[in-house]
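Rule-based calculations on the coordinates, nothing more; no lab input. All of these numbers come straight from a predicted model, not from anything done at the bench. Counting neighbours? That spans all protein chains shown, and the Cβs are built from the backbone with ideal geometry, glycine included.
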Amino acid sequence: MREISFEVVYTPVVIRVDKVHKGDLKNGSEVVVRSMGGSADGVRYEIEEAPAKETFKEGASLVVFGSEYEAVDSESEPAMTPNFLYRETGDTVVDATYADGAHDGGPADRMDRTAFLGKLRSLKGETAS
């Protein structure tokens, strides 16, 4: 089998992990998230199928469903690519996976925060309290 590698442009963003719902990351750790798009060789790349850069602003409360935390291709340090990303805003959780709303171009999905957290607990087999 031939190994294939490819390069992508992304902006590394450091986030603090407040709570791990599933996986091997530790609460309180800091991890690098690959925010797709950025600048390389004087060219700016904007990726519509990725979270908007402002999603990662300081103080934002996010729920990230990500890839393995590992170095890939030419990376020297591990990072995670967000597969799905949700932003908490008060009592609501908003799908922030795509910069321009939902994957079909419609408005971003919203869910009651309590219902969303209940679904997260079900990932680990926990019961709602």
Query raised in the report: From the residues Val20, Leu62, Gly37, which one has its Cα farthest along the dipole of the chain in the positive direction, the dipole being from +1 and -1 charges on Cβ of Lys/Arg and Asp/Glu about the Cα centre?
Result: Val20
Report summary line: On each of the three principal axes the extent of the alpha-carbon atoms of the stretch 33-108, given in whole Å and largest first, is 40, 26, 24
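Size of the dipole of the chain about the Cα centre, Lys and Arg at +1 and Asp and Glu at -1 on the beta carbon, nothing else charged, in debye to 20?
Dipole size: approximately 560 debye.
Evaluate the stretch 7-67: find the radius of gyration of its Cα atoms, find its Kirkwood radius, and give the ratio Rg to Rh. Mind dumping the intermediate values first?
Values: Rg = 12.9 Å, Rh = 12.9 Å.
A ratio of 1.00.
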Query raised in the report: Stretch Glu7-Asn83 to full length: gain in nm at 0.36 nm per residue minus the Cα-Cα span?
Result: 25.6 nm
Query - Nearest 10 degrees, 0 to 90: helix 113-123 Cα axis against the chain principal axis - result: 70
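Within the P(r) computed for the chain, what percentage of the Cα pairs occupies the region above 21 Å?
46
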Query raised in the report: How do the peptides 103-110, 58-65 rank, highest first, by the average count of neighbouring beta carbon atoms within 10 Å per residue?
Result: 58-65, 103-110
Query raised in the report: If each of Ser29 and Ala115 carries a label point 7 Å out from its Cα toward its Cβ, how far apart are those two points in nm?
Result: 3.3
